[in-house]
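Every read-out reported here was derived from the displayed coordinates using simple, explicitly stated rules and does not represent laboratory data. Just so you know, these numbers come straight off a predicted model, no measurement behind them. A quick note on method: Cβ atoms are made from the backbone with ideal geometry, for glycine too, and the neighbour counts reach across all protein chains shown.
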2 protein chains.
Amino acid sequence: MKRKVTLKQIAKELDVSISTVSKSLRNSLEIGEDTRLKVQAFAKFYNYKPNNIALSLKNRKTKTIGIIIPEIVHHFFSTVINGIEQVANENGYSVLICLSDDSFDKEVLNMEMLANGSIDGFIMSLSKETQFKGDFHHITEVIDQGMPVVMFDRVTNEILCDKVIIDDKLSAYEAVQSLIDKGRKKIALVTTVDYVSVGKLRTDGYIKALLDNDIPFDENLIIKIENVDNCEITIGKLLEDKAIDAVFAVNELFAVTCIKTANKIGLNVPKDLAVIAFTDGIISKYSTPTITTVSQSGIKMGNKAARMLIDRLESEHGEDEEEENYKTEVIETHLIERESTS
Amino acid sequence: MKRKVTLKQIAKELDVSISTVSKSLRNSLEIGEDTRLKVQAFAKFYNYKPNNIALSLKNRKTKTIGIIIPEIVHHFFSTVINGIEQVANENGYSVLICLSDDSFDKEVLNMEMLANGSIDGFIMSLSKETQFKGDFHHITEVIDQGMPVVMFDRVTNEILCDKVIIDDKLSAYEAVQSLIDKGRKKIALVTTVDYVSVGKLRTDGYIKALLDNDIPFDENLIIKIENVDNCEITIGKLLEDKAIDAVFAVNELFAVTCIKTANKIGLNVPKDLAVIAFTDGIISKYSTPTITTVSQSGIKMGNKAARMLIDRLESEHGEDEEEENYKTEVIETHLIERESTS
């Protein structure tokens, strides 16, 4: 028996990227003619069968939703999945989950695998690498072939589809405003060094809140953490050298590390230092002191994404319809006040 | 187009359980003849197609592994998945994940869906409800049709297959022994009220460690928590009325709640109360004080489970082989000493 050759095997054999193989097989002009013809010849020789989504869509409904998320050891994504499962199960759909591991190649391979007849539509959050590369051809292709995609949280303007987001800028703005309302004057931002859209938006909200309150913006008060496991020194310097009185952290691991570091150098939280984190996580609920958070509403986000996908799957509109009416739903966040700011 | 009818739809239509439909379609004598014939007639009328795993196995390899886990908002299962992904990806396999949500019906439906040509083999941990019911026919069927299954953590002796476990009894024994070695004399066990095999084994290890050290076993020192969100009163009573000097908790949420409750009533951890938790979670690392844990080695467990499944998928043995040589691998745990016991 000749096994079916995969995109990955073709890429390895010809020493090109998976993206190049994928684009060459669709005859994309982005790829030079030599490479394109070589890939096509190789694929033909090995009897490579690209997805035929349209065919599988016509023949059957799987009543299954595919989810692609960047990582699983992250409470936010777990709560979104639970939210999707709730609405999916209520409506008779099963759910299949794949991890991209924040890798572009894994995202492409997983979409290829799932689109191949296993599911009716996708709910996905982009991998960091995909956002960095700005290469979304694998998603466009799936949509072009008639399979609906709903994006959540890490989305892109370059793809037309249904989306569910929170207003990261406004949420950050409100969190920082709440610190200012409590009399805090020197507020630091502890964030990540990645290319994820949400990080930029939260920084924008932080800066806007400061400026709207006539607090000068000092870029030395923004700390970008690469690895949470060795960020104590960086945070210690921030706390000792800058005499700040509040921290807005983009996740709860940064927030809890700020609290532990503050304790070590004799600062009291919340008296000397107020702390707010962006998160749906459980560390905030169980840390000492408990941490005030901006709830990301993962469950609501998952509920909404599933609702949008199922509505689109079950709508009566034919394929010919010109106007797609894609929507972007904004889920409200809210501040959960706990001991770290009171 | 007549949509494919599912097990679930048949069950709903005839007002019987999914298990009954599944068993009736396999003509199991466990089901009364009336019901069996009714289900079979209904399925035939609606052109229900059961899995034909054997056929799909002969025709193609999907190079995909299916995982079924009870829940996702649980750090242990997330780390096992990461461990499976590592070995799977190194060997060119993709991974599909389904949640049973600790429901027997969802476990059956998800196995049915995945076995239907999407994957080459399963790695799974049983749902609580499946363990309680003791109904494993869905797993037996898959194995009988030639699709390998590897079970981890929540396993059963009633199924012959490869398994990966930790020695829950020994691990609990060693944790309790370490408390005794530190001079603790009145040690409580904070555990769950479920039917999961591991809970029983950990209790056995706790009792054995006490008896081996000539400490009388007092069943009033075993607290069974139903819901972690309102267990503070139960734990408060234990701490105030029983004058205990150590707690062995079966998960980190129970442990951190013990610490918070102890603090509230003026007990110092670790001076007045030492705490150890079973977990791979991150709360223990970030709580104040940090919590000593028995590491469940989720990554290693996932690595090993994937290795065992891939070895079986790629072995040269034919289907006729009589002797299956199923193995149960025991992953070593180790104690991570932190502030809560020092």
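Here are some notes:
- Length-normalised contact order of chain B in % [C-alpha pairs under 8 Å, at least 6 apart]: 18
- Sequence-distant contacts, meaning Cα pairs under 8 Å at least 6 residues apart, place the relative contact order of segment B:68-156 at 31 percent.
- The mean number of partner chain beta-carbon atoms within 10 angstrom of a residue's beta-carbon across peptide A:87-98 is 4.
- Tilt relative to chain A, helix A:252-264 - C-alpha long axis, 0 to 90 degrees, to 10: 30
- Cα gyration tensor shape of segment B:193-232, rounded if a/c is under 1.5, else prolate or oblate by comparing a/b with b/c: oblate
- Formal net charge of residues neighbouring B:P148 (Cβ-Cβ distance under 9 Å; K, R +1; D, E -1): -1
- Sequence ranges A:74-86, B:245-257, ranked by mean other-Cβ count within 10 angstrom, highest first: B:245-257, A:74-86
- Using alpha-carbon coordinates, inclination of helix A:298-314 to the longest axis of chain A, degrees: 20
- For B:D241, label point 7 Å along C-beta direction: distances to other copies, nm: 5.6
- Inter-site label distance for A:D181 and B:N116 at 7 Å from Cα along Cβ, in nm: 5.1
- Computing FRET efficiency as 1/(1 + (r/R0)^6) for A:Y46 and A:I222, where r is the C-beta to C-beta distance and R0 is 60 Å, gives about 0.70.
- Pseudo-label separations to other copies for A:P216 - Cα-to-Cβ vector, 7 Å, nm: 7.2
- Whole-Hz ³J(HN,Hα) from phi, Karplus 6.51 cos²θ - 1.76 cosθ + 1.60, for segment A:17-30, glycine and proline x: 7, 4, 4, 4, 4, 4, 5, 4, 5, 8, 6, 5, 6, 4
- Counting charges near B:I276 (Lys, Arg +1; Asp, Glu -1) among other residues having Cβ under 11 Å from its Cβ returns a value of 0.
- Calculated label separations, B:Y326, copies of the chain, 7 Å along the beta-carbon direction, nm: 4.8
- The calculated 222 nm mean residue ellipticity attributable to helices in the protein assembly as shown amounts to -13500 deg cm²/dmol, summing -39500 (n - 2.57) over DSSP H runs of n ≥ 4 and dividing by all residues.
- Straight-line cross-link partners of B:K185 among the aspartates and glutamates, defined as a Cα under 20 Å from its Cα and at least 8 positions apart when in the same chain: B:E174, B:D204, B:D212, B:D214, B:D218, B:E219, B:E240, B:D241, B:D245, B:D272, B:E337, B:E339.
- Of B:K224/B:K285; A:K208/B:K285; A:K200/B:K61; A:K163/B:K61, pairs whose Cα-Cα distance is over 32 Å: A:K208/B:K285; A:K200/B:K61; A:K163/B:K61
- Cα→Cβ-extended label distance, 7 Å offset, between B:F136 and A:K200, nm: 5.3
- Segment A:Q86-A:E30, extension gain: residue separation times 0.36 nm, minus the distance between their alpha carbons: 16.0 nm
- In degrees, nearest ten, helix B:168-181 long axis to first principal axis of chain B (Cα): 10
- Gyration tensor (alpha-carbon) shape descriptor, the protein assembly as shown, a/c threshold 1.5: oblate
- Rounded is the label for segment B:170-293, because a/c, from the alpha-carbon gyration tensor with a ≥ b ≥ c as root eigenvalues, stays below 1.5.
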